[in-house]
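None of the figures in this text is laboratory data; all of them are computed from the coordinates on show. Only a predicted model underlies this, so the values are computations on that prediction, with no experimental measurement involved. Neighbour counts run over all protein chains shown; Cβ positions are idealised from the backbone, glycine included.
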Amino acid sequence: MSDNKKIAQEIKQLTELLEEYNYQYYVQDAPSVPDAEYDRIFKQLQQLESTYPTLLLANSPTQKVGGVALSKFEQVTHQLPMLSLDNVFDADSLDDFMQRAIDKSPLTETAFCIEPKLDGLAASIIYQDGVLVQAATRGDGVTGENVTENVKTIANLPLKLRGENIPPLLEVRGEVFMLKAGFNKLNEGLIKAGEKAFVNPRNAAAGSLRQLDSKVAASRPLAFYCYAVGIFEGELANSQFQRIEQLKAWGLPVSSEVKRVVGEAACHEYYENISKKRASLAYEIDGVVYKVDDINLQQQMGFVARAPRWSTAYKFPAEEAVTTVENVEFQVGRTGAITPVAKLKPVFVGGVTVSNATLHNKDEIERLGILIGDVVVVRRAGDVIPQVARVVLEQRNDDVTRIIHFPETCPVCNSDVERIEGEAVTRCTGGLYCEAQRKQAIKHFASRKALDIDGLGDKLVDLLVDHKMIKDPSQLFSLTVEQLSSLPRMGNTSAKKLVNSLQLSKKTTLARFLYSLGIREVGEATAANLANHYKTLPAIIDAGIESLKTVSDVGDIVAKHLYYFFRQDHNLMVVDELISVGVHWPDIEEVAQSELLLADKTFVITGSFEAISRNDIKAALQALGAKVAGSVSKKTNTLVAGSAAGSKLSKATELGIEILDENGVLKLLGKSE
Ligand code: IVH
């Protein structure tokens with residue numbers, strides 16, 4: 001074989017190997033090699049290609065870096081117009097849609113293909129003989145812009161299809177979007193460089209796709225999922241779901257959330273489930289798309305105006321709305337943190353009526369440039385506390401707006417406030433002298449993850465403190481039925497129940513007790529790590545800063561908070577008081593550590609998970625005796641890697657550390673079949 005032929009063959013092999021790795025990573029979600037290995041082969045191929053430019057293959061993954069800069073985008077006419085979707089906003093209207101399909105259907109079972117409604121922008125991509133030849137935006141549905149060079153740089157999109165029976169012509173349609181993580185990173189970079197950040201991932205995707213310089217587009221973390229076939233030559237299944245599966249088999253990326261279901265109940269269930277999962281998905285979705293699965297039935301149902309009758313989008317309630325800031329109040333939290341809260345003209349957003357939004361701290365007020373009386377965009381995503389996203393400056397009325405004055409003393413107890421250098425929060429210095437802090441400390445003590453006192457809600461704690469019946473958590477345990485039933489809206493039965501649950505809550509665990517004290521930055525996971533490490537309360541109280549820092553998850557700041565907490569007489573008195581009224585826990589030494597499945601094993605968690613949250617994985621591992629650390633080192637036994645895992649995964653692979661994916665960890669925790 002001639003040298004040139006040999007090199008051509010090598011280039012082909014490397015190109016195909018990288019394509020295979022891309023397919024495993026982006027389509028199958030199951031990478032078989034670490035990132036470092038991919039990078040190594042990538043560089044090897046790049047080097048060969050630069051020495052022998054004539055041998056470069058069009059489908060080489062090295063071509064995803066962009067290069068061509070245009071002066072303007074050419075127009076592209078879509079052979080089949082790109083339609084939009086009809087919307088519904090409630091379950092009844094979805095029922096109406098399904099019923100219309102079922103009425104039209106000659107089939108005994110009418111199936112629906114259900115897909116997440118990706119929040120990006122539509123694109124059409126044409127493959128000829130399996131090679132990506134053209135990509136266009138939707139434009140007005142008839143004519144769009146030729147964005148081929150930019151689309152070619154999208155990491156999860158193959159330049160060449162793989163597998164069997166590749167059609168001579170195939171137009172796929174789908175959504176160009178940005179992963180949430182990539183979007184955040186991009187914005188951080190833009191802000192650092194003094195440039196303007198994007199408002200949301202959708203805008204960022206749109207802005208990136210319309211870059212004339214494809215090198216800039218290549219640097220943006222764009223992604224693509226297919227959801228339809230446009231024009232094609234050859235045979236395709238008569239089912240939307242099967243078509244999506246076929247696209248996947250040809251190496252095209254599709255959302256793993258696409259399902260085929262029969263029956264209205266299952267259609268509603270999908271919406272409920274994905275609403276709950278929405279915040280933990282790696283990308284933004286703004287609803288659910290229902291499509292009649294049978295293509296013949298689709299054709300029979302046809303179109304109305306510019307939308308198909310066989311499909312509808314069930315949109316989530318809008319996450320953003322516009323309203324007015326009527327006032328700003330300052331709340332004092334458990335640790336004295338003073339939080340400005342915008343009092344809003346009530347507005348319906350994210351499915352609920354919102355009348356408060358947090359302004360976080362002084363810096364945030366400055367960043368937003370917000371004034372009382374301003375018109376603002378309020379955002380409520382999932383379970384998250386409503387936020388003020390931005391001020392609508394165009395609608396500011398100088399006659400009614402007022403400056404927000406941050407308080408110089410605590411609005412509750414009048415103590416001085418302080419702001420430690422380098423920290424964003426301003427705090428009341430009153431400690432437990434401050435009634436607000438006292439109330440929050442007791443609420444925290446009683447909360448579910450702490451002593452879990454049934455029947456002691458926030459309102460009741462406020463009442464007890466307001467009536468001067470308790471000053472600290474230990475005094476809860478001497479409350480009598482008579483005392484309690486003297487409170488407004490407190491019957492004899494509820495009072496008895498509460499006294500009873502107070503007695504029950506005295507039996508707890510060391511980790512819960514530690515957490516219940518409300519030491520700054522000591523969450524339930526840190527508390528569990530400390531309990532596992534020191535085994536007894538006196539050992540924790542006596543521990544020095546250096547010793548504390550050896551506990552996983554405990555850094556310098558947390559160690560200092562712990563150390564100084566236990567050096568304050570009034571804190572030690574509360575602890576003593578609690579123990580003397582009978583709060584107790586089993587000795588950890590009694591629980592034979594070696595019987596715990598994961599005793600002495602160190603885990604690190606990275607990436608994002610779908611069926612379980614990171615916190616839940618952490619808590620479950622710790623319950624089995626494991627330590628959970630923040631970074632990978634030689635001491636790590638196992639890395640739990642979700643999707644989009646990055647440097648931790650490469651490091652663990654390098655060190656030959658065991659790696660568990662989401663299914664693996666669910667199995668280990670006994671949470672899957
Ligand atoms: S199908 C004829 N499926 O929503 C049907 N569209 O509001 C054409 N979109 O322009 C669209 N996810 O940009 C379809 N799974 C999905 C989708 C989806 C997001 C977007 C698409 C379309 C818009 C219509």
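Available extension along the chain between Asn273 and Lys315 is 13.7 nm, counting 0.36 nm per residue and deducting the alpha carbon span. Placing unit charges on each Cβ (+1 for Lys and Arg, -1 for Asp and Glu) gives the chain a dipole about its Cα centre, and among Asn165, Leu368, Ala611 the Cα reaching farthest toward its positive end belongs to Leu368.
At an R0 of 56 angstrom, the distance between the Cβ atoms of Tyr52 and Lys560 translates into a FRET efficiency of 0.40. The dipole here belongs to the chain: it is taken about the Cα centre, uses +1 on the Cβ of Lys and Arg and -1 on the Cβ of Asp and Glu, and is about 620 debye. What percent of all Cα-Cα pairs in the stretch 222-329 falls into each 10 Å bin, going from 0 up to the bin containing the maximum distance? All Cα pairs considered, the percentages come to 11, 36, 34, 12, 5, 3, 0.
Between 0 and 90 degrees, the angle of helix 240-249 with respect to the longest Cα principal axis of the chain falls at about 80 degrees.
Rounded to the nearest 0.05, the FRET efficiency derived from the C-beta distance between Ile545 and Lys671 at R0 = 41 Å is 0.65. Listed cross-link partners Lys443/Lys635; Lys468/Lys560; Lys192/Lys259; Lys315/Lys343; Lys507/Lys648 are compared with a 30 Å cut-off, the Cα-Cα value being larger for Lys443/Lys635; Lys468/Lys560; Lys192/Lys259; Lys507/Lys648.
Within the shell defined by Cβ-Cβ distances under 10 Å, the residues around Gly555 carry a net charge of -1, with Lys and Arg each +1 and Asp and Glu each -1. The length gained on full extension between His467 and Ser2, counted as 0.36 nm times the residue separation minus their Cα-Cα distance, comes to 158.0 nm.
Estimated from the Cβ-Cβ distance and a Förster radius of 35 angstrom, the FRET efficiency linking Lys215 and Val33 is about 0.85. Per-residue Cβ neighbour counts within 10 Å put Ser647, Ser214 in the sequence Ser647, Ser214, beginning with the fewest.
Ala321 sits among other residues whose Cβ lies under 10 Å from its own Cβ, and their net charge, with Lys and Arg +1 and Asp and Glu -1, is 0.
Could you give the distance between the Cα centres of the stretch 419-439 and the stretch 549-577, to the whole Å? The stretch 419-439 and the stretch 549-577 have Cα centres separated by 17 Å.
Take the Cα pairs of the stretch 231-276, get the Kirkwood Rh, then feed it into Stokes-Einstein at 10 °C and 1.306 mPa s and tell me D in µm²/s. This corresponds to a translational diffusion coefficient of 128 µm²/s. Note on Asp86, Asp140: ascending count of other Cβ atoms within 10 Å places them as Asp140, Asp86, the fewest first.
Of Trp250, Trp585, Trp310, the sequence from fewest to most neighbouring Cβ atoms within 10 angstrom is Trp585, Trp250, Trp310. Estimated from helices alone, the mean residue ellipticity of the chain at 222 nm is -10500 deg cm²/dmol (sum of -39500 (n - 2.57) over DSSP H runs with n ≥ 4, per residue). Count the net charge of all other residues whose Cβ sits under 12 Å from the Cβ of Arg402, scoring Lys and Arg as +1 and Asp and Glu as -1. Summing Lys/Arg as +1 and Asp/Glu as -1 gives -3.
With q set to 0.05, 0.08, 0.11 Å⁻¹, the log10 of I(q)/I(0) for the chain, from the Debye formula over equal scatterers at the Cα positions, is -0.32, -0.81, -1.32. Candidate cross-link partners of Lys215 among the aspartates and glutamates, defined by an alpha-carbon separation under 15 Å and a same-chain spacing of 8 or more, comprise Glu149. Here the contact order of the chain, divided by its residue count and restricted to Cα pairs under 8 Å and six or more residues apart, works out to 9 percent. Positive-end ranking of Cys113, Leu85, Val151 along the dipole of the stretch 70-200, with charges on Cβ about the Cα centre, is headed by Val151. When the C-alpha to C-alpha distance is required to be over 19 Å, the pairs from Lys117/Lys276; Lys345/Lys459; Lys6/Lys160 that qualify are Lys345/Lys459; Lys6/Lys160. Basic side chains Lys and Arg get +1 at the Cβ, acidic Asp and Glu get -1 at the Cβ, and with that the dipole of the stretch 531-673 about its Cα centre reaches some 540 debye.
When cysteine pairs in the chain are screened for C-beta atoms closer than 4.7 angstrom, the residues that find no partner are Cys113, Cys226, Cys267. Simple point charges give the picture: +1 on the Cβ of Lys and Arg, -1 on the Cβ of Asp and Glu, and for the stretch 318-452 a dipole about the Cα centre of about 540 debye.
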